[in-house]
1. Condition first: touching a residue at least 40 places away in the same chain (Cβ under 8 Å) and either closer than 13 Å to residue B:433 by Cα or surrounded by 24 or more Cβ atoms within 10 Å (Cβ to Cβ) (or both). Now tell me which residues in region B:376-389 satisfy that.
2. Show me the helices (runs of 4 or more DSSP H) entirely contained within region A:278-377 in which 1 or more residues are away from chain B (no Cβ under 14 Å), surrounded by fewer than 24 Cβ atoms within 10 Å (Cβ to Cβ) and more than 23 Å from the chain's Cα centre (by Cα).
3. Considering region C:135-145 alone, what residues qualify as being more than 23 Å from the chain's Cα centre (by Cα) and facing chain D (nearest Cβ under 7 Å)?
4. Among (1) within 11 Å of chain B (Cβ to nearest Cβ); (2) in a helix (DSSP H, G or I), where does residue A:397 come up short?
5. Within region B:142-170, which residues are in contact (Cβ under 8 Å) with a residue 60 or more places away in the chain and in a helix (DSSP H, G or I)?
6. With the checklist (1) more than 7 Å from chain D (Cβ to nearest Cβ); (2) modelled with pLDDT under 90; (3) buried (at least 16 other Cβ atoms within 10 Å of the Cβ); (4) not in a helix (DSSP H, G or I) in hand, flag the one item residue C:78 doesn't pass.
7. If residue B:325 satisfies all but one of (1) part of a loop (DSSP other than H, G, I, E, B); (2) surrounded by fewer than 24 Cβ atoms within 10 Å (Cβ to Cβ), what's the number of the condition it fails?
8. Which members of region A:441-471 meet the condition of being within 14 Å of another protein chain (Cβ to nearest Cβ), at pLDDT below 95 and part of a helix (DSSP H, G or I)?
């Protein structure tokens, strides 16, 4: 490689745009080194946190870097990308904090765990910033391969390995689907750059391109767990170690939506959607059906983790509604803003809920609705945090989840999809049905004999729970915090 | 800090303080709560006294920018923390503020477990309810509207009766379904008019095309009708009332249901006069049906609390009818009757709570003749019932009279049906009173009942005084609402004329040329 | 001649692919897969992709399939007692219906799309003399325009090594792989 | 070679569909992994067919996007095979099986 080429590729702006990615990759290697070099094992945790901090600094600084494509068109930088990056990092951080002292037999692989987590985060950033199908695909794999492993991380337990395998099989199938779709799109358009595609107009509605986009979107639907590709979710979420579940439920979903937004043109200079307009109502109905499938599935669960998994499906459906509205939304970045806010609230809400679950699980095994009975008497603060998470997931003001819901349904209304908006809001009535079940158990029913296992004090988890709950409340009271940074 | 902001945040502050007291310090928690609510009551009443009844404008307005919502075409709608009162809300503020300490005082008798939590919820509830009546920003209103669900949910679910879980979830989901549909209406309205300011919305909303107005009107109306609750949506109410602890019932009957009628008045009628006029016959029929059906329902009850709950359906039917008569008398009566119902039904629930604390049953056949052992109780109960049935000289009479008068002016047939409700109301309430208080003292347990103590009498005195006051000098209260109501009536008449002339669209103002943008 | 090779190899690829799916013994599946890969490599070659053809043989046949073979041998899966039952029952029932629905839909959609391609009018120009994927331009593109994915793939490979280590490393006790092999 | 592009695309579609069918039909995890490899190859063939088509359309100016993508796909195929087989080994350790029929601990 010639020096001129290097100079052309790595301008100062490009370096800032790529800073989070670079920080994460370097961090992964440093953590790995700390595991190998003698006497540096104690550096693992500080190194991880430092990496996250460095990446976050890069992302925040990146708000100032000029928007546009870098690395000769593989990577697109925008303010929204910086915001997405922060969300990914938060998701990773929350999962990491709740993962402290969670693993027992696997504790000797903790450094590997952290390396995988950091690479996975790098994959997310790449997915969100991908400006062509290849960059996205590599990001997708960099996200997925570590996650397959993390899902099967408790390798002595068959449910964990099973979750990892299931996730892998379907993930690999989705990847194949994506590739085939990408190849068809490339055949139709002659390019793999999304920016170039967005200006192609009628080429994008040729049969070849349509088939390709259908396959690509299908594989994305798998990643964000949307009907009819949501069936893997409960099994994998349940079997995977709970901190990893938190990471999958928040980070992966966010990365998938970030790329969907790119396909909707929201990260492109042209601002034109790549996906054909005729899909708007189809996607809208899929969104509504996903909400129904998730909510009805969650309604009958007794295992809390499984219930939250189904609720995650429902939330994916709600977010998909913003995407569906993207074609006709009169607000140019409406879907982006709505989803960023939704996700910002969801990272703390679902991350906190799953994390709390991980904490409770580490002592008493599986957490069922039954075992939550009387929690408010035993551990009032824990119960209060859980109640906040449940109400925020249900979208009750003044909690963060409410504004997310409000913004998403605003998109639908602006796009004149009012019937979908009405069905969608009524779905959240069903959702409250099961979120309230948790609160009922914690606050309104006496403790049953069989479940009296204590919950051991864990500083990291306690701090993380507290911070998550406070942020959820703060986001509800002061949505401007996030909204103004997105504007 | 100005008084309206204080009204909203003082209870929240109190809740925060209570939350940090040790769990065992029950007296301290009660003390802080009472002090906070008394302060709120004082400020609230002061605000109402300062209110200038001769002006229809919003008064004491607080306006602080909160955040901006993206709203299409790259513009954004600023959402403000905007509070204020006018003739439509002034009485509700007074009622809410007044009932706060009374409810608190009533908890001494029946809230003995998890006192701290209850006090926290009670304070949050107060803040939410005041927020609903004070909010002059649609988004802010909606936030407060939904916030009020949560405290009552916990109050019912933790301190309620045996079937409390069923009742509380039914209450929550039922009302939530309504409010979520309203949310879509809120979003649509704000998107169309590019402002969230209630005053501006009221001015501009009639410029929307009529189909859209009708849809948004019904989206709002559904939420409010469920909350009121109007006839086909009322099934959650008897369950919720029956299972709620006394203080919950008082809040529910006294204030929470009024949020529905207040919403109908402030949003459905004032914002969409044309749609309201078209919907008026339906609404009045719903009102009349509620009056009669509620009365029949009440007659069939054996549980005295459930009976009063059903009577609420009937009484709120009057309010609904009065509001949608669009005559001065009807609206005045409707607004006044909201207060009346809060006072008299609140009083009834308090009394039922007191006797339940002593006897642990609410079945009418378990009582009889207790007037002889509890003369004070009998006195207050009789007063409350008479106020409720509308005996001249007491508050209920004024409200019902005005409403029926107003309704006759606009829809004589429907009003005719409703009048029968007055008779039925008298029948079931007086029958219940007879079964409860008079006749022979059959049950031995009732002989040892102790009469009301000083706290119990004390907390009811303000309500009784108000009942008489409204009965004898309703103008003290009505004079504060008149300017706003007259303005509304005038607007309705103009709209009616415009509708009759066939020009259904612009009635008062055209769409703003300069939308409220940031 | 080249056309003939293409159609012959296409037939071989399809037959071999069917073999992968239908073979009872995983070793046979591997061999069939190898055949399919070989056929594809030949197709690449006649289509003007000599580099890719070489990579196909080197990486797929030389590395990936060996890995498969290794694991099958390690777990002793070619053992007669462990073979999957392959019979017509496989093609009945709800699962089969879904399978053929999905596969059929995929095939139908892509076939429809492929047939919609309008062949270039007039005389098709010849392919570049030295093939489409000459190594030099390929490398130039890889290290400029596609540098970022390339670099990230290196990180991914590192992560993969770590992942495999975590998943497959022995526990402290003796590896109980043999147990399964012998107890059945 | 003068085979029309659509024939190559059809071959790829056929291979992809066979792979997908095998993915759902087979129970042996390793064979399922092979089916995924088959699907990836079908995708690769499509990339190359498209590249060839565009090269011809551009008057013999090579379109390198297809081959580059295909190279990356081959690498990723190796990665997936490695992780997949590692998971198979982990599964075998726990359950002494590689059949998906026995992988059913997680269910409603």
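1. We begin by selecting, within region B:376-389, every residue touching a residue at least 40 places away in the same chain (Cβ under 8 Å); these are B:376-378, B:380-385, B:387-389.
Residues satisfying the conditions are B:377, B:378, B:380, B:381, B:382, B:383, B:384, B:385, B:387, B:388, B:389.
2. A:280-299, A:334-364
3. C:137, C:141
4. Going through the list (1) within 11 Å of chain B (Cβ to nearest Cβ); (2) in a helix (DSSP H, G or I), residue A:397 breaks only (2).
5. B:145, B:152, B:155, B:156, B:159, B:164, B:166, B:167, B:168, B:170
6. (3)
7. (2)
8. Once the filter is applied, which keeps residues that are within 14 Å of another protein chain (Cβ to nearest Cβ), at pLDDT below 95 and part of a helix (DSSP H, G or I), region A:441-471 yields A:441, A:442, A:443, A:444.
The values are calculated or read from the model by the stated rules, or taken from the named source; none is laboratory data. Remember, predicted model here, so these are calculated numbers, not experimental data. Positions of Cβ are backbone-derived with ideal geometry, glycine not excepted, and every protein chain shown enters the neighbour counts.
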